[in-house]
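Colleague: Structure incoming, see below.
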Amino acid sequence: MKYNDLNQIMLQFSYPPDFNYNVKLVMVISFFNVCVENIWLGAVLSLYVYLITNKSNEAIGMLAGVAGTMQIFGAAGVAFVADTVSRSKILIYGSNVGLISLIVGVVAIHQSNYYILCLSMLFSGVYKSIINPALDSVIADSINSGDRSRVYTWKFTHVLLGSSIGPLVSLFMFYIIGNDWTVSICQLVMYVG
């Protein structure tokens, strides 16, 4: 089975027939985006930061602040260019920022370096501020205005499902690995996310 065949099967899975390819793809992206985020940005990240910063609660708050602040500034920047740049270019740019965040995050986790992790969260905040509105715009552009509430309900369902499955994956991993909350165990769980 080729990748494209698998992709088509996954996108055809139980969606209403009037959902076009873009809408189905947004649903799949939304699910995995939230699922993965809930694995490595959930309670494990807070504990990991607590452990690598000599039990500093302040460091956890600063890390969350970096991501949130960049999400606010990033949203303002995206709003400024949203009407002049195509959605596809915004999504490509956002995906590249997400890839940078991922690479920097893996390096930070591997080195147990708080400052590199802050840089990763900075990119993560920008990524979210670019991707989330652009994905919603793709839905709005792909569906008639009378059908949007139904489609956004489907998207919200995917987000809730991802928010549930992410922590379940973490729980399963800790069940398999054991309930030993060390830096190396947290790193393993975060690598999966």
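The values are calculated or read from the model by the stated rules, or taken from the named source; none is laboratory data. Because the structure is predicted, anything quoted here is derived from the model rather than measured. Glycine also receives a Cβ, built like all others from the backbone with ideal geometry; neighbour counts cover every protein chain displayed. Heads up: the accessible areas ignore ligands, DNA and RNA and are worked out on the full protein's heavy atoms, side chains in. Shrake-Rupley method; radii C 1.70, N 1.55, O 1.52, S 1.80 Å.
Colleague: Looking at (1) in a helix (DSSP H, G or I); (2) more than 26 Å from Leu161 (Cα to Cα); (3) out of contact with any helix residue (DSSP H, G or I) (no Cβ under 9 Å at 6 or more places or on another chain), which is the only condition Ile109 fails?
Modeller: Every listed condition holds for Ile109 apart from (3).
Colleague: Would you check if there is a residue in the stretch 137-150 being assigned to a helix (DSSP H, G or I), open to solvent by 40 Å² or more (accessible area, probe 1.4 Å), without any contact (Cβ under 8 Å) to a residue 40 or more places away in the chain and closer than 26 Å to Tyr93 by Cα?
Modeller: Yes, the stretch 137-150 contains at least one residue that is assigned to a helix (DSSP H, G or I), open to solvent by 40 Å² or more (accessible area, probe 1.4 Å), without any contact (Cβ under 8 Å) to a residue 40 or more places away in the chain and closer than 26 Å to Tyr93 by Cα.
Colleague: OK, next. Yes or no: the stretch 134-143 includes at least one residue that is under 20 Å from the mean Cα position of the chain (by Cα) and acidic (Asp, Glu).
Modeller: Our first condition is that a residue be under 20 Å from the mean Cα position of the chain (by Cα); within the stretch 134-143, this holds for 134-139.
Then keep just the ones that are acidic (Asp, Glu); that gives 136.
Taking every residue of the stretch 134-143 in turn, at least one turns out to be under 20 Å from the mean Cα position of the chain (by Cα) and acidic (Asp, Glu).
Colleague: Quick one: which helices (runs of 4 or more DSSP H) lie wholly within the stretch 1-76 and hold at least 3 residues that are modelled with pLDDT under 80 and open to solvent by 70 Å² or more (accessible area, probe 1.4 Å)?
Modeller: Working: elements: 3-12, 21-40, 43-52.
Answer list for the stretch 1-76: 3-12.
Colleague: Select from the stretch 83-93 the residues that are at pLDDT below 85 and either within 23 Å of Leu117 (Cβ to Cβ) or out of contact with any helix residue (DSSP H, G or I) (no Cβ under 7 Å at 6 or more places or on another chain) (or both) and list them in ascending order.
Modeller: As a first pass, look at the stretch 83-93 and keep what is at pLDDT below 85: 83-88.
Once the filter is applied, which keeps residues that are at pLDDT below 85 and either within 23 Å of Leu117 (Cβ to Cβ) or out of contact with any helix residue (DSSP H, G or I) (no Cβ under 7 Å at 6 or more places or on another chain) (or both), the stretch 83-93 yields Asp83, Thr84, Val85, Ser86, Ser88.
Colleague: Could you say whether any residue in the stretch 121-141 is under 19 Å from Gly77 (Cα atoms) and aromatic (Phe, Trp, Tyr)? First the steps, then the outcome.
Modeller: Of the stretch 121-141, the ones under 19 Å from Gly77 (Cα atoms) are 121-138.
If we keep only those that are aromatic (Phe, Trp, Tyr) too, we end up with 123, 127.
Yes, the conditions are met somewhere in the stretch 121-141.
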